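Please read through the structure below; I'll follow up with questions.
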Amino acid sequence: MFCLAPGVSQATHLAGGNITYTKLANPNEYQITLTVYRDCNSIMQGPFTTPNMSMYYRNGCGQTYTLPVSWVPGTGIEVVTACTIDPSTCNGGTRYGLQEYKWTGTVTLPFSTTTPTCNEWYFVWGTNVNTGWCCRNTNNTLGPAPGQQNFFIDSYLNNNIPAGNTSARFNSFQVPAYCIQEPVTVVFDVSEPQGDSVVYSLVPARTGWNTNANYLAPRTAQVPANVVGNTININPNNGNLNFLSNVQQTAIFVLQVSEFRQGTLIGYVKVDVQVILGIGRYCDNIRPAFKKAVDSLLCTTDTTYKVELNSLVACNSIARDGSEFRLYDPDGDLVQIQSARPDTCISDGRTRNIWLRLTKGFEKNGTYFLVSRKGTDNNTFGNRCDLYMNEFDTLKIKVSGCPDYRAPLLLENVTLDTLNENAVILNWKIDPDNDTLLRSWFNGYNLFRYRPGENPIRFSNRFWIEPNVDTLTHRDVYAPVLPRDESLSYNLNLNLINGFQNLRSKTVSTIRLVNDPPTTDDDTTMQLRWNTYVGWDTARYNLEVLDIKRPQFGWVLMDSMIADTVWNLRKPLKRGSYKLRLYTQRPDAVYRSYSNVLEFGVPFKEVVVPNVITPNGDDINDKVRIKFLYLYPGSAFTIFNRWGQSVYHSDDYQNDWDAPGLEAGNYYYLLKVRDDENIVSYSGTIRVIR
């Protein structure tokens, strides 16, 4: 049963009422409807036993009239309540209950063409036109003096307006008994059928014509109950009242709905209602919901969370596996809920809070969403009135203060190792323009590797975690393929201690150099192509070769500043075996990215010795110039006359002999070409013509 404030009696019966009116088709004709609420915990007496009785109406000129009214068919029904699983006092039970009685009558109002005040009408209900009915429930918020508990209700119509007016309507009403320490909504759902402007206000209760009831201090007509913040909010859309009270009491509220048309007051109606604020059974007349729409938390690794509800729920209706909730983190990922348990259950098996155990705490900045869902018991949790929480009710949990770093890392370079072309070296850094990372938050760098065709954001491609925040390079020697066979792509991000990962860096691929179509040693050129390097903007490429048998000379630049990714390379002329690679250099010269190495050969080139020279000073065939001799430094060249005598010798011939001081005629030569470790000899005749 519902427990009232100490000393409250329910021996009397008037619990509220209102008067509305409807304009009918005939001029000045109205249908008047009286609604009165009876407390069922009372003796059946007075108007509730009277199918036909009198109302009254009076105008601004002081003229009064009697209006006969009769029961509306079906009157006397019990007022709806949210809890229907046990009977109220209206049906032999103990739960607080009300009955609604309605009477109606029709009146044609006299109309004065000369005195507008006489067309302002008041419809009233009391024992007569001036006196209210006895009595309300005692010990309410009205004064205890004699007559203060009388009940008198009125409404107003300004019938000077063309076409008259139909009053506002009170479309909803439920038993106004609520639990203290829970949000209260007194529901009226007011509507205005003709589109006139309405203004809501709380006004004094009446004990008789033009006689206001007195309220026990500190209550007033505007705040007729002890409420938190001394504030009662009126919903401007429907007139519903919202407040919170911590005091058991029986309060008398009167809501007036005033109608205006083009700035003129054209009427008002009032609803007078007794609101009981207490403890017990009617604490279950509120559908369970989250106590607040938004919660705020500081970052925490605590894996428990207390769900606060707006009302008490049955402890045995809570699914212990947590299936009646879903929790989504700021990234939209589901946070698993391991269990749910009621907070301390009071003696009747109800609780106002539920503890959730999570797989992880609230460790990301942003808004989490806790959503009510039907659980494994095929319902949400509920109260003893069989009111269950609406599925998909949502609580926003705003979390701040978590380790957070969102800026992507800068992957500065990806290159093949020049000492081992089967290894790849990565270099990165934290963006200095966005370095808000607290080093104490750091938990590791995630390095990801991808082969061609693989998704470059797939997490399963992580191949290394670098635990040191100051280590900004890594040498990858465990790629599943050799870099010369495929271009490998890399990106990275970092982990924070709460598991948060920032955005991935850009993806950078190794340079794969290929000879396509393949050339033979006898070809003098190589058709090359490679993939674009994106480690920095507008990469320019350089090709260099290494003579394998002469490594002491190092890598020699062949072609440079190539903008394209295809190139026709002219091979070296000197016989030998060579390595070829490509690199691009960052404009600030801090990094180079090298490709894989190709190998090729250049066959031996035969030298060609001329058989005639004409040393006459015209610089045409003046000297013995041996073709391709420059490829073989250290070659010995000897000239003999026809008697076998040596007339010239050089151990490193430089193509400069012009037969100085010798007569015209035939001479003989011996050329010893040094090709690496081998000596190749050439001999023949040279004719000198002067």
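The values are calculated or read from the model by the stated rules, or taken from the named source; none is laboratory data. The model shown is predicted, which means the values in this text are computed figures rather than measured ones. Note that each Cβ is placed from the backbone with ideal geometry, even for glycine, and that neighbours are counted across all protein chains shown. Accessible surface areas use protein heavy atoms only, side chains included; no ligands, DNA or RNA. Shrake-Rupley method; radii C 1.70, N 1.55, O 1.52, S 1.80 Å.
Taking the Cα centre of region 176-316 as the origin and placing charges on Cβ (Lys, Arg +1; Asp, Glu -1), which of Tyr200, Ala293, Ile279 is farthest toward the positive end of the dipole?
Checked the options; the winner is Ile279.
Placing +1 at every Lys and Arg Cβ and -1 at every Asp and Glu Cβ, with all other atoms neutral, what dipole size does the chain have around its Cα centre, in debye to the nearest 20?
For the chain, the charge dipole is close to 1060 debye.
Starting at the first residue of region 491-506, write each ³J(HN,Hα) from the Karplus equation 6.51 cos²θ - 1.76 cosθ + 1.60 with θ = phi - 60°, in whole Hz, x for Gly and Pro.
Once θ is set to phi - 60°, the couplings for region 491-506 become 8, 7, 8, 10, 9, 9, 5, 9, x, 5, 10, 7, 5, 5, 5, 5 Hz.
What accessible area per residue, rounded to a whole number of Å², is obtained for region 313-384 using a probe radius of 1.4 Å?
Numbers: 3220 Å² over 72 residues.
Dividing the accessible area of region 313-384 by its residue count gives 45 Å².
With 5 Å bins from zero, work out the P(r) of region 143-197 over every alpha carbon pair and list the percent per bin.
Distribution as computed: 4, 12, 13, 15, 15, 17, 12, 7, 3, 1 percent.
Quick one: Karplus J couplings for region 522-539, per residue in order, coefficients 6.51, -1.76, 1.60, θ = phi - 60°, nearest Hz, x for Gly and Pro?
6, 5, 8, 10, 10, 8, 10, 8, 7, 7, 5, 9, 10, x, 8, 6, 6, 5
Contact order normalised by length for region 405-529, with contacts defined as Cα pairs under 8 Å and 6 or more residues apart; what percent is it? The partial results should precede the final answer.
Values: 240 pairs, mean separation 37.8, N = 125.
Worked out over region 405-529, it gives 30 percent.
With every protein chain present, what is the per residue accessible area of region 545-624 (1.4 Å probe, Å²)?
54 Å²
Residues of region 26-140: accessible area per residue at 1.4 Å, in Å²?
43 Å²
What percent do you get for the relative contact order of the chain when only Cα pairs under 8 Å and 6+ apart count?
Over the chain, the number comes to 8 percent.
May I pose another question? How far apart, in nm, are two points set 7 Å out from the Cα along the Cα-to-Cβ line at Thr117 and at Asn230?
Spacing of the two 7 Å Cα→Cβ label points: 3.8 nm.
Which ³J(HN,Hα) values in Hz, rounded to whole numbers, follow from the phi angles of region 405-411 under the Karplus curve 6.51 cos²θ - 1.76 cosθ + 1.60, where θ = phi - 60° and Gly and Pro get x?
For region 405-411, the Karplus curve yields 8, 9, 5, x, 5, 9, 7 Hz.
Pull up all non-local amide H partners of Asn41: gap of 5 or more, or a different chain, and H-to-H distance under 5 Å with H placed in the peptide plane.
Sorted by chain and number, the residues that satisfy this are Gly97.
Continuing with the same structure: Roughly speaking, to the nearest percent, how much of region 483-576's 1.4 Å accessible area is carbon and sulfur?
51 percent
On full extension of the chain, what length is gained from Ile457 through Thr524, given 0.36 nm per residue of separation minus the C-alpha to C-alpha distance?
Once the chain is fully extended between Ile457 and Thr524, it gains 19.8 nm.
Enumerate the amide H contacts of Arg384 below 5 Å, restricted to partners 5 or more residues apart or on another chain; note that Pro and chain-start residues carry no placed amide H.
Ala314
Here is a follow-up. P(r) for the chain: what percent of alpha-carbon pairs falls in each 20 Å bin, starting at zero?
13, 24, 17, 14, 13, 8, 7, 3, 0
Counting only the heavy atoms of the protein chains, how much of Ile346 is accessible to a 1.4 Å probe, in Å² to the nearest 10?
Result for Ile346: roughly 80 Å² accessible.
Please give the peptides 576-585, 251-260, 45-54 ranked by average Cβ packing (other Cβ atoms within 10 Å per residue), highest first, as a rough proxy for protection.
Packing proxy ranking, top to bottom: 251-260, 576-585, 45-54.
Another one. At what distance in nm do the modelled label points of Trp71 and Asn568 sit from each other, each positioned 7 Å from its Cα along Cα→Cβ?
Placing both labels 7 Å beyond Cα along the Cβ direction yields 11.2 nm.
Between the alpha-carbon centers of region 460-487 and region 638-689, tell me the distance in whole angstrom.
61 Å
Picking from Gly46, Tyr388, Val469, whose Cα lies most toward the positive end of the charge dipole for the chain (charges on Cβ: Lys, Arg +1; Asp, Glu -1)?
Gly46
If you don't mind, another one. Students often check this: by mean Cβ neighbours within 10 Å, which of 504-513, 300-309, 316-325 ranks highest, and how do the rest follow?
Numbers: 504-513: 20.9, 300-309: 15.4, 316-325: 19.1.
Ranking, from highest mean packing down: 504-513, 316-325, 300-309.
Measure up Lys374/Lys398; Lys102/Lys270; Lys549/Lys579; Lys364/Lys506; Lys579/Lys627 against 20 Å on the Cα-Cα distance and list the ones that go over.
Working: Lys374/Lys398 24 Å; Lys102/Lys270 15 Å; Lys549/Lys579 10 Å; Lys364/Lys506 24 Å; Lys579/Lys627 26 Å.
Going by Cα-Cα distance, Lys374/Lys398; Lys364/Lys506; Lys579/Lys627 fall outside the 20 Å limit.
Taking the Cα centre of the chain as the origin and placing charges on Cβ (Lys, Arg +1; Asp, Glu -1), which of Ala589, His13, Asn353 is farthest toward the positive end of the dipole?
His13
Sticking with this structure for a sec: Relative contact order for region 538-690: what percent, with Cα pairs under 8 Å and sequence separation of 6 or more? Could the numbers behind the result be given before it?
Details: 303 pairs, mean separation 25.6, N = 153.
Once normalised by length, the contact order is 17 percent.
Okay, moving on. Mind jotting down the distance between the C-alpha centroids of region 141-190 and region 97-131, whole Å?
Each part reduced to its Cα centre gives a spacing of 16 Å.
Follow-up question, since we're still on this one. What does DSSP give for the chain in terms of the percent of beta bridges that are antiparallel, rounded to the nearest 5?
Beta bridges within the chain, antiparallel portion: roughly 95 percent.
What distance in nm separates the simple spin-label points at Glu663 and Val294, each placed 7 Å from Cα in the Cβ direction?
11.7 nm
Any chance you could check the Cα centroid distance between region 347-372 and region 256-315 for me, in angstrom?
21 Å
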